[in-house]
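Step one of this worksheet: look at the structure below.
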């Protein structure tokens, strides 16, 4: 087992690879066992090739050379009788020539063997060179493998660094995004709350508008009814007005008639009053004498004290002054009489006396005194 | 590698057919998985597995336990066979020389084996608890040893999405393994 990686990621990667290998081995369904003939172990054999190639020609040459040399020496340095016999026998000479020929051939073969040996050595040298080249290739391959692994380790380290940098950058980016998004989220939440409130307010407004519309319709209906009632009332009032106008006209006519009648009656009553108070007199003199005879001034002071209303007291004060002036003037002087008449008209005493009489607030004595005074002053 | 591998090898060398069968049954799945993860098709992986075991059986006498475990030796043979055939193919993906180390890594220490087994079991449970789409990406990446591009092409999604899902799955697995006390 390889050494445990120190980094958690590396350890997990290693564990995952081991797990994957185990799972793959478990999942794989191998084929049948190879047939018996194919799987029999081959016994180890000695490799004779280079050894035989190198030493066999030399050994053969040496054997031949040794044989030839032995025969040659035996022939040359053998016993004398044998030499003589050889000289004496042509067959021995032939044998000697044959042996010499053998020697010559063996020498030639030796040379050929040496040549073959040289070629074999060249071949071996070439093979050795190839072996060395192969070793060199193996060494180069191993070196390349080491370099590859070192480069691979560097790349893995660099990738780890990049991954860490990437993770840190991602974390920073996430934090930055979170930092920027947080206010936006709050703003969005606030806006949503405001929107909900606005929607609720809008619903309330719609409800109110609905209610107002209903109220308006009811009001229009009510207005229509009121207008109808108003029209009806106006018609009724117009009719009443017309009736009242007709009544007023009739009343005015009757009033005019009554006033004319009253005027006539007052004239008659004045004449009788003046005739009773000042028989034979006329004009201002008759009025002066009637006032004196009926003691209007004396009665005025007493009535004034018993007057109920302020307007009555004020009128009594004025009439006291007028009656006093009437009593004091010289009736024979027309200028004084004319001045007196003008002042009475100017003051407008007759209508004021009518107002107090119509009010009816005073006692019977005061009303009678006012009527008498009016009869004295009327017609001037 | 199992503890009785030397005995199995010795029996194989003595011509015991049952030993051959046992050795094949123990390692053939891993060898085929190795070829599948290198991108070979199922039939090709079966053929190459056969080739590997023919080589293994023929040269079993050359195995030297002092130079490494049987798994590592088997992995070297499988890697050579894969490399030889890989050069003849025109596959878009590149040959992964580390895949053999990963597949045939040996843990001699029994305690280490037990710890590794425990970690792998915990990881397996965590992967089962992942959402389906994340578990699928993890399976394609680590069981089928597919590249990000290969996964993206298979699932019909951008490579960036595949990388994001792998990262998301790694985060969840980290948390799960921490919860199980595997990671600190």
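Every condition in (1) surrounded by 15 or more Cβ atoms within 10 Å (Cβ to Cβ); (2) over 17 Å from the mean Cα position of the chain (by Cα); (3) touching a residue at least 40 places away in the same chain (Cβ under 8 Å) holds for residue B:65 except the one numbered (1). Within the stretch A:27-39, the set of residues being within 7 Å of another protein chain (Cβ to nearest Cβ) and either at pLDDT 85 or above or assigned to a loop (DSSP other than H, G, I, E, B) (or both) comprises A:28, A:30, A:31, A:33, A:34. Inspection of the stretch A:244-263 identifies at least one residue that is under 30 Å from residue A:328 (Cα atoms) and either part of a helix (DSSP H, G or I) or modelled with pLDDT of 90 or more (or both).
For the stretch B:41-62, the candidate set comprises residues that are at the interface with chain A (Cβ under 7 Å from one of its Cβ atoms) and touching a residue at least 12 places away in the same chain (Cβ under 8 Å); within that set, the residue that is surrounded by the fewest Cβ atoms within 10 Å (Cβ to Cβ) is B:61.
Taking the options B:53, B:20, B:57, name whichever one is more than 17 Å from residue B:72 (Cα to Cα) and either part of a helix (DSSP H, G or I) or modelled with pLDDT under 90 (or both). The unique qualifying residue is B:20. Please work out if residue B:8 is modelled with pLDDT of 90 or more, more than 10 Å from chain A (Cβ to nearest Cβ), surrounded by 15 or more Cβ atoms within 10 Å (Cβ to Cβ) and out of contact with any strand residue (DSSP E or B) (no Cβ under 9 Å at 6 or more places or on another chain). The answer is no for residue B:8.
Would you confirm, using the coordinates I've provided, whether residue A:278 is at pLDDT 90 or above and closer than 17 Å to residue A:331 by Cβ? Give the steps one after another, and end with the answer.
Details: at pLDDT 90 or above: no; closer than 17 Å to residue A:331 by Cβ: yes.
Taking the combined requirement at face value, the residue does not satisfy it.
Yes/no per residue for (1) facing another protein chain (nearest Cβ under 9 Å); (2) outside any helix (DSSP H, G or I); (3) under 17 Å from residue A:14 (Cβ atoms):
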residue: B:130; (1), (2), (3): no, yes, no
residue: B:134; (1), (2), (3): no, no, no
residue: B:137; (1), (2), (3): no, no, no
residue: B:160; (1), (2), (3): no, no, no
residue: B:173; (1), (2), (3): yes, no, yes
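In contact with a helix residue (DSSP H, G or I) (Cβ under 8 Å, 6 or more places away or on another chain), more than 19 Å from residue A:332 (Cβ to Cβ) and modelled with pLDDT under 90: is that true of residue A:301 in this structure?
Details: in contact with a helix residue (DSSP H, G or I) (Cβ under 8 Å, 6 or more places away or on another chain): yes; more than 19 Å from residue A:332 (Cβ to Cβ): yes; modelled with pLDDT under 90: yes.
For residue A:301, the condition - in contact with a helix residue (DSSP H, G or I) (Cβ under 8 Å, 6 or more places away or on another chain), more than 19 Å from residue A:332 (Cβ to Cβ) and modelled with pLDDT under 90 - is met.
Within the stretch B:150-170, residues that are outside the structural domain of residue B:137 (by TED's automatic domain parsing) and more than 16 Å from residue B:129 (Cα to Cα) reach no partner that is at pLDDT below 90 and exposed (fewer than 14 other Cβ atoms within 10 Å of the Cβ) with beta carbons closer than 8 Å at six or more positions or on different chains.
For the stretch B:109-125, what are the residues that are within 10 Å of chain A (Cβ to nearest Cβ) and in a helix (DSSP H, G or I)? Result: B:112, B:113, B:115, B:116, B:117, B:119, B:120, B:121, B:122, B:123, B:124.
Tallying residues that are touching a helix residue (DSSP H, G or I) at 6+ places or on another chain (Cβ under 9 Å), under 28 Å from residue B:86 (Cβ atoms) and free of Cβ contacts under 8 Å to residues at least 12 places away in the same chain within the stretch B:1-40 yields 1.
Per-residue answers, yes or no, for (1) farther than 16 Å from residue A:291 by Cβ; (2) surrounded by fewer than 17 Cβ atoms within 10 Å (Cβ to Cβ); (3) assigned by TED's automatic domain parsing to the domain that holds residue A:368; (4) without any contact (Cβ under 8 Å) to a residue 12 or more places away in the chain:
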site	(1), (2), (3), (4)
A:306	yes, yes, yes, no
A:314	yes, yes, yes, yes
A:328	no, yes, yes, yes
A:331	no, no, yes, no
A:336	no, yes, yes, yes
A:347	yes, yes, yes, no
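The values are calculated or read from the model by the stated rules, or taken from the named source; none is laboratory data. Small disclaimer: the values here were computed from a predicted structure and weren't measured. Cβ sites come from the backbone with ideal geometry, for glycine too, and all protein chains shown count toward neighbours.
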